[in-house]
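Notes follow once the structure below has been shown.
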Amino acid sequence: MKRRLLVPLVTAAIVFHFAVLAWGMLEPDNSKPIPYLSQAKLWYTRLTGAGAGFGFFSPNIGNEVRVRFEIKRKDGTIEHLTLQDLGNEETNARVGNMIRLIAKSFDKDKVVRSLAASFAAYIFHSRPDAESVKLTTVVYHLPDHRSFNAGAEAFEKQIYSATFEVDHR
Amino acid sequence: MIAAALKRFFLAPSDGTMLAALRVVVGTAIFVECLVLFPHLDGLYGQYGYLQTHLMDALAGATIPGALARMGVSAESFSTLIHGLFFVQLVTALGFALGFQTKLLNWVLLFTQIFFINSGWISSYGFGRYLHNLVFLMAFFPVNRRFSLDLLRRGRPFPAEPRLTLGKRLVQIFLLMTYVDAGLSKASGTDWWNGNAIWRALMAGEFQRFDMQWLAAYPGLLLFLCWTTVIFEGFYIIGYWIPRVRFLWVLAIIGMHLGIAIMMKLTLFGLTMAAVNAAVFLVPLLRKREVAA
């Protein structure tokens, strides 16, 4: 009896799991969430990994977003760094994801401001003697390879800047 | 006839070599990842890391640090917790790679993977996604039948079993599906058809390891690299099952990942995926030749 139930149950579980895998891979990024079903899928993804996409560097590779910090210290010295300067190759792959959030949320002022504040707070934490932290976000426009070969040059365009200061009150 | 073929495909007894090889690769990869990330845990997963908890919750949905913060767990306590769990993951990954108490360690590893993925959803990328999926799949099958301390302690070989083949096939199908997704996603854009994708990937500051400006003078090479990437990835699910080409196809995919590891600052990801493909697709082919001989 148990064995007779086991085979169909295992088969159903496998089919379900791979169906969720396929759903995650085929679902467009901007698809509308389906009430309850999308939430259930999200939780299943968080538990098993199934349901996420694997389309990296696709469909196209957008311009790179760079976040820079200018740190003014109490003694008057100025330090320039990026978030990537604080980590290693593996952490930087993850930091890149976070920075791309700024690019995705470019039209939402409050989100960009919150992200900037969060990054700046981390810089303050890593540099306790900092008086102010200026965050600048630029987009690095790399020409396509044909234009580059014809003489076009890469350039940066600033899209956001904010300064955060220590409140001595 | 089809039913018999499917039964043979999924359930013919095998010795578990592929699953064991995959276990070694995945365990080692997670161990190395833990070593590399350990000094930066607070930044990636802490309540006041690069992205503060309340912000992460707002952007990506409920997270474990957010839930614990609402329960009154302080940032310092959470930091102690994640460092402790990360150490558990480090030790577990090592034991898993060595094949010691494998079933237990597999489930502990799955628990720690779930914890960290849900502590920093935005702090993970494709590498974590692959590992999470593989650890989950492996938890349901014996992965200690070869290359393991469990085998040494047993003192005699494990018998061949149908479920080892089922596990092998499910992992293979999972991986092939991810490559189809990768290939189709790339094919839906223009960068991968006009050669710009490889150009941009190698010139992007965050991944750039070498000065590749000279590549712009070789558009044919860029086109070749882009098109072969899309074709080899997108059709891997077909190519692997064609006897005449499968071996070279797997080597091409492994070569692609080694290229990523060497040319881009994605060393751990590139090396791990090359090793995963070797374990999942190359080892069974070599094993088949060995058994046939």
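Things to note:
- Qualifying residue in segment B:115-133 (condition: among the charged types (D, E, K, R) and under 24 Å from B:V276 (Cα atoms)): yes
- From the options B:F281, B:F235, B:F269, B:F247, residue that is open to solvent by less than 10 Å² (accessible area, probe 1.4 Å) and under 21 Å from the mean Cα position of the chain (by Cα): B:F281
- Helices (runs of 4 or more DSSP H) completely within segment A:78-169 that count 3 or more residues being exposed (fewer than 14 other Cβ atoms within 10 Å of the Cβ): A:109-126
- Sole exception among (1) in contact with an Asp or Glu (Cβ under 9 Å, 6 or more places away or on another chain); (2) of a type in the set (K, R); (3) more than 30 Å from B:F136 (Cα to Cα) for B:R244, by number: (1)
- Count of segment A:26-69 residues, restricted to those that are farther than 22 Å from B:A204 by Cβ, crowded, with 17+ Cβ neighbours inside 10 Å and more than 10 Å from chain B (Cβ to nearest Cβ), is 2.
- Filtered by the rule that a residue be surrounded by 15 or more Cβ atoms within 10 Å (Cβ to Cβ), more than 14 Å from chain A (Cβ to nearest Cβ) and not small (G, A, S), segment B:1-26 gives B:D15, B:T17, B:M18, B:L19, B:L22, B:R23, B:V24, B:V25.
- Of all residues making up segment B:131-174, the number that are more than 13 Å from every other protein chain (Cβ to nearest Cβ), aliphatic (A, V, I, L, M) and out of contact with any Pro (no Cβ under 7 Å at 6 or more places or on another chain): 4
- So B:A29, is it aliphatic (A, V, I, L, M), closer than 26 Å to B:R145 by Cα and open to solvent by less than 50 Å² (accessible area, probe 1.4 Å): yes
- Any hit, segment B:191-198, residues being open to solvent by less than 50 Å² (accessible area, probe 1.4 Å) and without any contact (Cβ under 8 Å) to a residue 24 or more places away in the chain: no
- On inspection, B:A187 passes the criterion of being in contact (Cβ under 8 Å) with a residue 40 or more places away in the chain, over 20 Å from the mean Cα position of the chain (by Cα), open to solvent by 10 Å² or more (accessible area, probe 1.4 Å) and at the interface with chain A (Cβ under 10 Å from one of its Cβ atoms).
- Within segment A:114-138, tally of residues that are touching a strand residue (DSSP E or B) at 6+ places or on another chain (Cβ under 9 Å), more than 13 Å from chain B (Cβ to nearest Cβ) and without any contact (Cβ under 8 Å) to a residue 60 or more places away in the chain: 4
- Among the residues of segment B:145-162, those identified as aliphatic (A, V, I, L, M), surrounded by fewer than 17 Cβ atoms within 10 Å (Cβ to Cβ) and in contact (Cβ under 8 Å) with a residue 40 or more places away in the chain are B:L149, B:A160.
The values are calculated or read from the model by the stated rules, or taken from the named source; none is laboratory data. Quantities reported herein were computed from a predicted structural model and do not represent experimental measurements. Ideal geometry is used to build each Cβ from the backbone, glycine not excepted, and the neighbour counts take in all protein chains shown. Only protein heavy atoms, including side chains, enter the accessible area calculation; ligands, DNA and RNA are left aside. Shrake-Rupley method; radii C 1.70, N 1.55, O 1.52, S 1.80 Å.
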